[in-house]
Each structure stands twice: as structure tokens, then as C-alpha cells.
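Here's the structure, in C-alpha cells; my notes come after.
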Amino acid sequence: MSEINTEYMRLALSLAVKGAGYVSPNPMVGAVIVKNGRIIGQGYHECYGQLHAERNALKNCTESPEGADMYVTLEPCCHYGKNPPCTEAVIEAGIKRVFVGSADPNPLVAGKGIKQLRDNGIEVFENILRDECDAINEIFFHYITTKTPFVMMKYAMTIDGKIACYTGESKWITGDKARHNTHIDRHKFKGIMVGVGTVIADNPSLTCRIENGINPVRIICDSNLRIPVESNIVSTADEIPTIIATCCDDKDKQRILTDKGCKIILTKPKNNRVDLNELMILLGKEGIDSIILEGGSELNWSALESGIVQKVQAYIAPKIFGGNGAKNAVGGIGVELPSDAFQLENTSIKHFGNDILIEGRVKNVYRNN
């Protein structure tokens, strides 16, 4: 074990994250091949449907990989999908040792890849920088095991907890650097979801505005199909994938939106609103593995209460709006006691100019079904 060089795994990690936004719903994976203390090949999973990291690294080798070591951030796959098993390529290349970061929870792999390598005489070392390797694929791990999207609730608020002034004005709470980071996340996540109230109030486009960024699928929770046909969302639905989630079965209203390019997803009503738990199952079937929830205070509460939120991002600006009528980040009835609070764990703090980002995983998610 003393021969393990974690710097090679760190390099593999830096390669893996280059696939962010392009490989969904696959995981991000990087691989580095080392022979006689020299890197002879490296690669990453660049785009969904294309070569996996291990095969890219082998393809890029500058000399024969026979007898070399491979550092890979995720357990090599051992099943046929859009590509043949990576374990086959590793075995055929004559790799001597494989150092693995994360175990793959995909039931088609789940230890079988490592077993296949060992059965073919390859020495395998597991859990190399596992925490770091796990962290880059929190979306994949959630989606592959639950078949529902990983949901990150994101909002920007003042230091006194307001997401808008009492007039409803909210542009802008945070500065340019914080807003730029939100667009980086829009590129990484497959979908972005808001309520129809946000569309009516702000008329957003919900696009990704960074160079070479990929627009997320726009998901609008609209229980009664109130979304304006002239809104930016509907008017660009033929260019950017747009889903209207509703419990309204009025075919005429639906047809107006589908004629504009929107896709309708119908759920049963829950408290006269879209059933968010059912919606997550249906979106998972659509291949949407991750969602940024940029809703208003009521949708934020409903999402928390229904148990669909895995992570929270709170951007905090050093400003004070005040106002009894100004909206808070999370509305609804709220919890009855402090002990009932939704708690975050594994929290981190980042700075973007004068703004602060606090993010963490939701602990002990409960469902109010």
C-alpha cells in the first residue's frame, strides 16, 4: 500500500470533472495510466454515449500499457451498454494493478467489476481518495439507486432572509460572481424547476449563460395551467426542452402549450397541487437525473415537506431589505418546533465577492405523503 501515489488519483479527479454537464446520466470518471513512475496515458468520460475514461486513457497511451498501473475514480464497468465493458479493455491491455476511488452502486456493477479484474490476475486497491471521488458523483449515486432526480434547492437571500423586497422586486440580490456560479451549476444539472408564480412574476428564461454551457431542461410546476403563452419559457419551448408539470387535465389548455413545443406531464393532485413525489418518479423515467430547484418560497416549502430535496444552496448577500410583507426563502406553514427543523449536514461555506454560499445535504429527509 505504500506504493500508492494519491497524486495520480487527484489528476484523475481533475480529468473526471471535465465531463460535468456532458455525461449525464452517466457518472463523471477519470483515469490515469502509470508505468515505471511515468504517466503514459490519461483520459476521462467526455460525453454520454462516447468512450468511458478507461478506454480513453488506454487509447491515449504513448507506449504499451502492459504491466502498468491504472488509477480510476470509479469502479470499472463490467456490462454492455452503449460501450463494451471497461474491465475487458483493462484485462486485454495487460494492466497489472488498478487503484479505484469509488465503488459503483449500479446494480449491474456493484463489486462485479473489481471481482472480474481480480479473477483475471489484476491486483486491485480500493477506496483511494474515496471521499473526494464520491463527492463528484453524488448525482449519479442518487439517481442510479433511486431512479429519481437528485434535487438541489437553491435560493439567494439578504442577510435578513428576504428573497425580494415588499414590492416584489428581487433583481439583484447577489453580485455578478455569485450569479455566474449559478450558471455553472445550471450547466451541470440536467433540469431546472420553478413554480408558475415565478414565471408570472419574473418572466425568466432559465437558461445557462456561460460559454459552451448546456441549457437545463426547464420544468414548470403549474397545477392549473396558468403559465402565460407569451412568457419567455413558452415562446422558446421549441428551442429549449420544456416540461409543464400539472394536475389539470384540460385538453384544450394542454394543446395550446404542446403546440408551442412544451411537454405536459400530468400527476394526480395532492392538496390541489402537483404531486411532487409522483413528479420525481416521472421525471426520473424521462432520464432527468438532477434538478436545481429555483422556486419561490411556497414551492421551496412544498419540496422540503415532500422529502424530495437532497441538497440546499443558500447564497447570502450582505444586504438588509426588511419588511413584514417581504417574502422569505421558505414559506408554507413551517415546522411546529425547533426540534422539527430540517437540518443540513456536511455543510461548506464559499465566498463569491461579498456574497457567501452555504450549502449542505438535507439530513433525515422525511416524506409527508
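The values are calculated or read from the model by the stated rules, or taken from the named source; none is laboratory data. Since we're looking at a predicted model, the values are computed, not measured. FYI the Cβ positions are ideal-geometry reconstructions off the backbone, even for glycines, and counts take in every protein chain you see. The protein model used for the area step is the full one, side chains on, heavy atoms only, and it has no ligands, DNA or RNA in it. Shrake-Rupley method; radii C 1.70, N 1.55, O 1.52, S 1.80 Å.
How large is the charge dipole for the chain, taken about the Cα centre, if only the Cβ atoms of Lys, Arg (+1) and Asp, Glu (-1) carry charge, to the nearest 20 debye?
360 debye
If you add up the charges near GLU298, with Lys and Arg at +1 and Asp and Glu at -1, over every other residue whose beta carbon is less than 10 angstrom from its beta carbon, what do you get?
Value of the local net charge: +2.
May I ask for the net charge around GLU239, where only other residues with Cβ less than 13 Å from the Cβ of GLU239 are counted and Lys, Arg are +1 while Asp, Glu are -1?
After counting each charged neighbour, the total is +1.
Considering only DSSP beta bridges with both partners in the stretch 35-126, what is the antiparallel share in %, to the nearest 5?
Approximately 10 percent, going by the DSSP bridge assignments.
For the chain, what proportion of DSSP beta bridges, expressed in % and rounded to the nearest 5, is antiparallel?
45 percent
Per residue, how large is the accessible surface of the chain? Use a 1.4 angstrom probe and give square angstrom.
With all protein chains present, the chain gives 48 Å² per residue.
Grab the beta carbon distance between ASN272 and SER339, set R0 = 41 Å, and tell me the FRET efficiency rounded to 0.05.
Efficiency for this residue pair is about 0.85.
Suppose R0 equals 41 Å. What FRET efficiency, 1/(1 + (r/R0)^6) with r the Cβ-Cβ distance, do GLU286 and ASN36 give to the nearest 0.05?
Step by step, r from the Cβ atoms, then E = 0.30.
Only Cα pairs within less than 10 Å get springs; with that Gaussian network setup on the chain, which residue of THR242, THR347, THR73 has the largest fluctuation?
Residue with maximal mean-square fluctuation among THR242, THR347, THR73: THR347.
Name the most mobile residue of THR174, THR62, THR182, meaning the one with the largest mean-square fluctuation, in a Gaussian network model of the chain with Cα contacts below 10 Å.
So, out of THR174, THR62, THR182, the one fluctuating most is THR62.
Within the accessible area of the chain, what % is carbon and sulfur when the probe is 1.4 Å and the other protein chains stay in place?
48 percent
The stretch 159-200 to the stretch 122-156: how many Å between their Cα centroids?
Answer, in whole Å: 25.
Between CYS165 and ILE349, what's the calculated FRET efficiency when r is the beta-carbon distance and R0 is 25 Å? Round to 0.05.
Using R0 = 25 Å, I get an efficiency of 0.45.
Pick from SER290, SER170, SER302: which is most flexible by mean-square fluctuation in a GNM of the chain where alpha carbon atoms under 10 Å apart are linked?
SER170
Report the net charge of residues surrounding SER64, where surrounding means a beta-carbon distance below 14 angstrom and charges are Lys +1, Arg +1, Asp -1, Glu -1.
So the surrounding residues net to 0.
Can you sort TYR80, TYR44 by 1.4 Å-probe accessible area, starting with the largest?
Ranked list, largest accessible area first: TYR80, TYR44.
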